[in-house]
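Notes for the one structure printed next.
Computed from the coordinates by the stated procedures, all read-outs in this text should not be read as laboratory data. Keep in mind that what you see is a predicted model, and the values were worked out from it rather than measured. A quick note on method: Cβ atoms are made from the backbone with ideal geometry, for glycine too, and the neighbour counts reach across all protein chains shown.
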Amino acid sequence: ESNKPVAIYILGGPGSGKGTQSKAILDSFPGKFYHISTGSQSEMRQKATPENAAIIELMKQGQMVPSQYLVGLVKEKMKEIGNKTIYILDGFPRNS
């Protein structure tokens, strides 16, 4: 078994069912995957940082969040969880 994380990307436009499909996978295989949604403001509100506040404000305005912010968030979350996990990345990467 590798010590490197494995990522599964769920891609599609807004409202295409990325979250629904991610939930179906999580429900079908409990405890097997960790879900990271780059479109979720709740994750960012848990840690009050200037970057997270800027991201939340961009999302409220309906603007695309620059990839540099999202990459940092995803990397931080992966480090926090650990490398022996299979991640479902919902809505990442995005074009900005």
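Remark: spin-label model distance Thr49-Tyr34 equals 1.5 nm, labels positioned 7 Å along the Cα→Cβ axis. Residues whose amide H falls under 5 Å from that of Ile88, counting only those 5 or more places apart or on a different chain, are Ile8, Tyr34, His35, Ile36, with hydrogens built in the peptide plane.
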